[in-house]
Amino acid sequence: MTTLGEGDDDDADEDDIVEIPLPNVKATVLAKVIEYCTHYKDEPMTTITTPLKSNRVEEIVQEWYANFVKVEQIMLFELVTAANFMDIKPLLDLTCLAVSVYIKVSSICLLKKFVWGILKLMAIDSSLGTQQKYLNE
């Protein structure tokens, strides 16, 4: 995980506030990302290896991380997107693990709802009319 400010030793004035635009990340999601990064700094997450040794997130990573991804489906997708956008590989690994475990243990009916949730999220976040067309049919 890259730390903001690494290699910026030539910046003499530490009082300057640097604004980093994150147009694709909502404030609530950013708060969760910051929570993750703060905890990760103190207790790094166990490396996720494949193939997965369990269908339970709790058996793959520490308890705090397993509880961190017990969020609503839309928040989980937004965390995946934010981790990818901000290039936070451990968070991306964790959120993708949560999605893959959900898919692995879900019934066909739940998977349909899961895919529907993805499509709804894409329609909300997309300015393209294609996804919206399919949602309205």
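The values are calculated or read from the model by the stated rules, or taken from the named source; none is laboratory data. Note that this is a predicted model, so its numbers are computed, not measured. Here the Cβ is made from the backbone with ideal geometry for all residues, glycine too, and neighbour counts use every protein chain on show. Only protein heavy atoms, including side chains, enter the accessible area calculation; ligands, DNA and RNA are left aside. Shrake-Rupley method; radii C 1.70, N 1.55, O 1.52, S 1.80 Å.
Look at F114 and say whether it is under 14 Å from the mean Cα position of the chain (by Cα), part of a helix (DSSP H, G or I), more than 24 Å from E43 (Cβ to Cβ) and among the hydrophobic types (A, V, I, L, M, F, W, C). Considered against the rule, which asks whether it is under 14 Å from the mean Cα position of the chain (by Cα), part of a helix (DSSP H, G or I), more than 24 Å from E43 (Cβ to Cβ) and among the hydrophobic types (A, V, I, L, M, F, W, C), F114 comes out as no.
Taking region 1-27 as the range and being modelled with pLDDT of 80 or more, out of contact with any Ser or Thr (no Cβ under 9 Å at 6 or more places or on another chain) and surrounded by 10 or more Cβ atoms within 10 Å (Cβ to Cβ) as the test, the residues that pass are L22, K26. Every listed requirement among (1) at pLDDT 90 or above; (2) farther than 22 Å from E78 by Cα; (3) hydroxyl-bearing (S, T, Y) is met by Y36 save one, (2). For region 33-50, the tally of residues that are of a type outside the set (F, W, Y) and either in contact (Cβ under 8 Å) with a residue 12 or more places away in the chain or in contact with a Pro (Cβ under 6 Å, 6 or more places away or on another chain) (or both) stands at 9. Of the set (1) outside any helix (DSSP H, G or I); (2) without any contact (Cβ under 8 Å) to a residue 12 or more places away in the chain, all apply to V71 but (2).
When region 29-57 is filtered for residues that are under 25 Å from I103 (Cα atoms), of a type in the set (V, I, T) and part of a helix (DSSP H, G or I), the ones remaining, listed by number, are V29, V33, V57. Among the numbered criteria (1) open to solvent by less than 30 Å² (accessible area, probe 1.4 Å); (2) free of Cβ contacts under 8 Å to residues at least 40 places away in the same chain; (3) of a type outside the set (A, V, I, L, M, F, W, C), which one does K53 miss? In the conditions (1) open to solvent by less than 30 Å² (accessible area, probe 1.4 Å); (2) free of Cβ contacts under 8 Å to residues at least 40 places away in the same chain; (3) of a type outside the set (A, V, I, L, M, F, W, C), K53 misses (1) alone.
Among the residues of region 61-78, those that are at pLDDT 95 or above and over 13 Å from Y102 (Cβ atoms) comprise V61, Q62, E63, W64, Y65, N67, F68.
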